[in-house]
Amino acid sequence: MTAPLHETSAAESTVPVDAVSDLPAKVIEGRSPWQIAWTRLKRDKLALTGGFVVLFLVLVAICAPLIVGLLGHPPDQFHEDQIDPLFGTPIGSYGGISSDFLFGVEPVNGRDVFSRIVYGARISLLVAFLAAVFAVLLGTVLGIIAGYFGGWIDAALSRVMDVMLAFPQLLFTIALVSVLPNSLLGLDGSGVRIAALVLVIGFFGWPYVGRIVRGQTLTLRNREYVEAAQSLGAGRFYILRRELLPNLIAPITVYATLMIPTNILTEAALSFLGAGVKPPTASWGQMLSAAISTYESDPLFMVIPGLAIFITVLAFNLFGDGVRDALDPKSSR
């Protein structure tokens, strides 16, 4: 049987009002879009793994002299005593891997493969990062100008982007590097090659960024906050800098993280074809090129730099995909 209505009301009335008011109130705090993105990114284990690998590779590249001094030998030092004088192959199994040579030695000359892999990370990451920064800066400036001003400016810049996308980048780079002097603007040897690779890869990469920024700017320029700034008398460059650019940071960041692995592959391909840095400067693509003639007798000399490229590109792609999903509110992840 249910209790009478007047008894239930009497029981409820005995609850003190002060006890309810003393309950701790839950504070609702607002979060910025970057905090929300970081929360989403932390849930993506693959992206975090890729990010940790990228951070590890960056630290290896920065601390290359220290790491080689502790665990390896100078990258341009020959070790003829580790090479079979008859066949020119490393003495011992697995390419001469030992406690003294962690990744073995190169055929014919006996240079330490571990040291050259570590120093090769410097070249690949340096070229890829600087070329990405150059492409993002140039593409962002020209893309936001084309999208906001429109008219003949948009038409001219769009046609320039189309021409750049159709230009044979690889052939142009090989032709340019082949006529470069040994010293230029205070740089010499591999420094000239590195500067040329950064400028060429970045110059041919900006149209991809420019197209994305232009498309986003065409969408944002008709938003209410832009019209409000215009009605208050804000100038064009103020709107570009304070209203449009902050809302373009997310897509620019995503594309920059995905551009770096592409630049790493481009640098490796150019070094493989002989248009990269000059020997004895270490480069992963250059090591792959040298391994063509010896891969049958010493396959690890080709496998190790190939794995270095594969792991680096995979880590950047996983991290870039995670950043894209974290910054995209429509993502299902």
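A few remarks follow.
- Potential lengthening between Glu227 and Val133 on full extension [0.36 nm per residue; Cα-Cα distance subtracted]: 30.7 nm
- Using a probe radius of 1.4 angstrom, the carbon and sulfur fraction of the accessible surface of the stretch 66-132 is 65%.
- Average accessible area per residue (Å²) across the chain - probe 1.4 Å, nucleic acids and ligands excluded: 57 Å²
- If the segment from Leu102 to Arg159 were pulled out straight at 0.36 nm per residue, it would be longer than the present Cα-Cα gap by 15.3 nm.
- Helical runs assigned H by DSSP (4 residues or longer) give the chain a calculated mean residue ellipticity at 222 nm of -22000 deg cm²/dmol, each run adding -39500 (n - 2.57) before division by the residue total.
- Which label in [x] 37; [y] 23; [z] 32 gives the computed percent of Cα pairs over 38 Å apart: [x]
- Ala269 versus Phe237: modelled label distance in nm, points set 7 Å from Cα along the beta carbon direction: 3.8 nm
- Crossing angle, helix 151-166 versus the chain [Cα axis fit, 0-90 degrees, rounded to tens]: 40 degrees
- The share of accessible area on the stretch 138-239 that comes from carbon and sulfur is 66 percent, using a 1.4 angstrom probe.
- Seen against the Cα atoms of the chain and their longest principal axis, helix 45-62 is set at about 40 degrees.
- Degrees separating the helix 190-220 axis from the principal Cα axis of the chain, which is the longest one: 20 degrees
- By accessible area, using a 1.4 Å probe on protein heavy atoms only, the stretch 248-333 has 69% of its surface on carbon and sulfur.
- Note on Ala175/Leu48: beta-carbon distance plugged into 1/(1 + (r/R0)^6) with R0 of 45 Å gives a FRET efficiency of 0.60.
- Here the peptides 120-132, 95-107, 212-224 are ranked by packing, the mean other Cβ count within 10 Å, and the order with the highest first is 120-132, 95-107, 212-224.
- Linear extension gain, Ile292 paired with Ile311, 0.36 nm per residue minus alpha-carbon span: 4.8 nm
The values are calculated or read from the model by the stated rules, or taken from the named source; none is laboratory data. Quick caveat, the model's predicted, so the values are computed rather than measured. Heads up, the Cβs are rebuilt from the backbone with ideal geometry, glycines too, and the neighbour counts pull from every protein chain shown. All accessible areas refer to the heavy atoms of the entire protein, side chains included, with ligands and DNA or RNA removed. Shrake-Rupley method; radii C 1.70, N 1.55, O 1.52, S 1.80 Å.
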